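This report concerns only the one structure given below.
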Amino acid sequence: MTDKKIIAVMGATGAQGGGLVRAILNDDSSPFAVRALTRNPDSDKAKELQKLGAEVVAADVEDAASVSKAFEGAYGAFCVTFFWEHFSPEKELNHARAMAKAAKAAGVKHVIWSTLEDTRKWVPLDDNRMPTLMDKFKVPHFDTKGEANQVFTDAGVPTTFLLTSFYWDNMIYFGMGPKKGPDGQLAITLPMDDKELPGIAAEDIGRCAYGIFQRGDEYIGKTVGIAGEHLTGAQMAASLSDALDQPVLYNAVEPEVYRGFGFPGAEDLGNMFQFKRDFNKDYRAARNLDTSRDLNPSLQSFDNWLSKNKSRIPLE
Ligand SMILES: NC(=O)c1ccc[n+]([C@@H]2O[C@H](COP(=O)([O-])OP(=O)(O)OC[C@H]3O[C@@H](n4cnc5c(N)ncnc54)[C@H](OP(=O)(O)O)[C@@H]3O)[C@@H](O)[C@H]2O)c1
């Protein structure tokens, strides 16, 4: 038994949750212990977390009873949903409900809810600048996360609303890295025009969440947005050119072109980038770099992140 306060981490084998698990376990004097939730405690990733010192517990967010059980006795919970596993906003909302209900029932003292903007507050459904998707969303994977903020508030759970940013790791895992055009020239393609895109090393999201837990009640009831840097497509291309030691161009396309790329989620992401472009001032203002660095002193810049990860970016 530990006398440390337990933080139950949803998505512990993934990007956001994994960053939090490692941030806590790498700090020998941490007042927190980690309960890593996973559907499969026997997986290599789960065993790795156990070796680092985490208590590994089986939980599936589809199974509300398993979440309730996993939250019992926890001081804190990191709650995240997994849109790209199922592409269903309804599921995302149900999963948030299950976690909020479980946190309330277990008397969890501090939940961090990994959220994003409900873009319909900026672009109502009858605004035709971007298409409505799945009948009632503009950016499905953003809108339900924002809508679910109220779920945690209504459940009466002490919650910090953590607004995350575009992971630079999408260049490794999500097909968003430089690609060769017909002329053989490498380019990144983003529908951001000349606007700055807040981005972050995925690992830093969990480290910022750790900073929030360390501050006790300070951020409860508050929204905090985090990013490592705000960069234009041209600036990202310049950094990539330096890191990869070969020219990378920025291919700025219109959002409607991006929506038409045809890969699963292209319309959702086309709308997402258009939201970030058209409401750039609000979107950036919600993600303060000084606050992010204060929460996580080892916050990485894009160049720092590239120096460690450039060899992992597939250059197709
Ligand atoms: N990519 C971006 O730029 C970006 C930016 C901001 C926000 N987001 C959001 O981040 C969310 C995903 O977080 P992530 O990137 O940390 O995820 P991730 O790296 O894809 O990992 C997800 C982890 O969640 C677990 N998981 C999946 N389904 C589960 C279920 N039914 N019950 C319990 N655990 C489950 C899996 O663990 P096990 O297999 O071990 O169970 C997996 O390791 C998405 O909703 C996305 O919209 C992404």
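The values are calculated or read from the model by the stated rules, or taken from the named source; none is laboratory data. Keep in mind that this is a model prediction, so the values were computed, not measured. Methodologically, a virtual Cβ is constructed for each residue, glycine included, from the backbone with ideal geometry; neighbour enumeration extends over all protein chains shown. Note: areas computed on protein heavy atoms with side chains; ligands, DNA, RNA excluded. Shrake-Rupley method; radii C 1.70, N 1.55, O 1.52, S 1.80 Å.
Worth pointing out:
- Coordinate range of the alpha-carbon atoms in the chain per principal axis, descending: 61, 45, 36 Å.
- Signed unit charges on C-beta, dipole axis of region 251-316, positive-most listed residue L295, F275, A285: L295
- The residues neighbouring D126, those whose beta-carbon lies less than 14 Å from its own, together hold a net charge of +3 under the Lys/Arg +1, Asp/Glu -1 convention.
- Amide N proximity, region 240-282 versus D193 label position 7 Å along Cα-to-Cβ, cut-off under 19 Å: 250-260, 269-282
- log10 of Debye I(q)/I(0), alpha-carbon scatterers only, for region 73-133 at 0.16, 0.22, 0.25 Å⁻¹: -0.65, -0.94, -1.05
- 1.4 Å probe accessible area per residue over region 1-91, in Å²: 49 Å²
- Using θ = phi - 60° in the Karplus curve 6.51 cos²θ - 1.76 cosθ + 1.60, the 3J(HN,Hα) couplings for region 259-274 round to 4, x, 5, x, 6, x, x, 4, 5, 4, 6, x, 5, 4, 5, 4 Hz; x is entered for Gly and Pro.
- Distances between placed amide hydrogens fall under 5 Å for M176 paired with M171, all partners being 5 or more residues away or on another chain.
- Helix axis angle, 89-106 relative to the chain longest principal axis, alpha carbon, degrees: 30 degrees
- Lys, Arg +1 and Asp, Glu -1 on Cβ, resulting dipole of region 120-193 about Cα centre, debye, nearest 20: 100 debye
- Separation of alpha-carbon centers, region 264-293 and region 184-225, rounded to whole Å: 10 Å
- Accessible surface, region 137-228, averaged per residue in Å² (probe 1.4 Å): 33 Å²
- Computed magnitude of the charge dipole of region 133-175 (debye, nearest 20; Cβ of K, R +1, Cβ of D, E -1): 60 debye
- The lysines within cross-link reach of K5, meaning a Cα-to-Cα straight distance under 25 Å and a gap of 8 or more places when in the same chain, are K45, K47, K51, K69, K101, K104, K109, K222.
- Rh by Kirkwood over Cα pairs, then Stokes-Einstein D for region 185-279 at 0.692 mPa s and 37 °C, µm²/s: 214 µm²/s
- Here the 3J(HN,Hα) profile of region 30-39, calculated from phi with Karplus coefficients 6.51, -1.76 and 1.60 at θ = phi - 60°, is 5, x, 10, 10, 9, 10, 8, 8, 8, 6 Hz, Gly and Pro shown as x.
- Share of carbon and sulfur in the accessible heavy-atom surface of the chain [1.4 Å probe, %]: 48 percent
- Computed from backbone phi with θ = phi - 60° and the Karplus coefficients 6.51, -1.76 and 1.60, the 3J(HN,Hα) list for region 235-244 is 5, 5, 5, 5, 5, 4, 4, 5, 5, 8 Hz; x is used for glycine and proline.
- Note on the chain: GNM, Cα springs under 10 Å; of F71, F32, F213, the largest mean-square fluctuation is that of F32.
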